[in-house]
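Written out below as structure tokens is the structure these notes cover.
Read-outs throughout are calculated quantities, based only on the coordinates presented, and are distinct from any laboratory measurement. Predicted, not measured: the structure shown is a model, and the values here were computed from it. Using ideal geometry, Cβ is built from the backbone for each residue, glycine included, and neighbour counts are taken over all protein chains shown.
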């Protein structure tokens, strides 16, 4: 059941479509389904002494050592440019574990309590062109099994040369598969899943998490993904996938990777990159990860013609008979006269909240301290933090609706509530929940009555205006609007 019906203010805004619960997206291989992370714990890092890197595929120990900064080696040559069509099988030579295993393979050598002394860096390329380095702080105290496995693979050179085989701009980028197909595992088998709904491990932009096979929570091995947006799909991963760290620098690099064009190959999602995106080098560095960079998806550049990205307004709706709102009997002429009178009163300093309670034909909740207030987002603007709060509110309202409607059904079954009274109670509950949603959630301008946004965004803070009746632009009547901020 859709718990909301259309209000006079909106043309097609309803709670469930606006904040639809995340639906799992299927794909072959170990992949997160589309279902703010804890802050970095490190302070400004001290200069760390580079550790001799473990040999990677095809390297001798001397070649690996030559890559350590400060030695007499030349830089590793860039990878050859990739093909212009997807090449999932772009895996390097098969990884052979080194004779000298990583120190992270032995808890006696590096105890769990000492895992937090290290962070990881990824130097990445797109079609052979260096696109910078990302650094990660690992949540070693919250996910010791996962982080030890990741540190070991990085330390042994397993990730060097591997690709990001799955990219979804509004969701995540996935890599670490030695086959480049999404179906490969690491050299040491699978690990125990460390899923958690702890807010400190919440999925969000820049959060590292482990991919897994199907519904098996203990099937993660080497494939990981990095969230590159804030969305219901990302937030729905909490408790289902093992998050284990977060980006602390390198947003520009992540954005370049996440923005690589993709196409669909043997699946419904367009996630196969059309360029070769590689981890050129994964390094384990002793010391805290560098901090100071804002870890958030940059705002999309939107030409708003000088208008604000986000505003808050308060309004009074004056409707008339024939304007789609049941129960309104005044004529159009009476509505226009009343709207002009209210406009004059507000300009003269009258309390708009009181006028909304007395005259507005848009429902006003008795408990609403600022009736008629709405937050509007301009066209093309997203409020990611607000969307997450809205999702939580939606879940709360769905629970309240289920509980209260069950009570009404029980009363109707017991004969203490008639069908007519049941329908009235459910209708009142729908209106109440919808008004709470509209009050607390930012509303996209394109979902609103056109004239409402046109007038609202055209006002300066404190100014008052009116959207006059129009069958297309303002079909519910006259809106007296004041911009608050």
Note: residue 117 to residue 217 extended length (0.36 nm per residue) minus current alpha-carbon separation gives 33.2 nm
Burial-style ranking of 158-171, 99-112, average other-beta-carbon count within 10 Å with highest first, yields 158-171, 99-112
Semi-axes a, b, c in Å (a largest) for the range 61-286, each sqrt of 5 times a Cα gyration tensor eigenvalue, come to 24, 23, 16
With a Förster distance of 60 angstrom and the Cβ-Cβ distance between residue 359 and residue 141, calculated FRET efficiency to the nearest 0.05 equals 0.55
A chain fully extended from residue 350 to residue 268 at 0.36 nm per residue, minus the present Cα-Cα distance, gains in nm 23.9 nm
The answer for the per residue Cα convex hull volume of the range 303-483, in Å³, is 129
Taking Cα atoms only, Rg over Rh for the range 142-190 with Rh from the Kirkwood formula is 0.99
In Å³ per residue, the alpha-carbon convex hull of the range 301-359 encloses 144
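Where does the range 315-390 land on Rg(C-alpha)/(2.2 N^0.38 Å)?
The reported ratio for this selection is 1.34.
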Most packed first (mean Cβ within 10 Å per residue), the peptides 374-384, 345-355, 455-465 order as 374-384, 455-465, 345-355
Of the range 179-218, those with amide N under 19 Å from the point 7 Å along the Cα→Cβ vector of residue 94 are 179-190
Burial-style ranking of 249-258, 416-425, 178-187, 313-322, average other-beta-carbon count within 10 Å with highest first, yields 313-322, 249-258, 178-187, 416-425
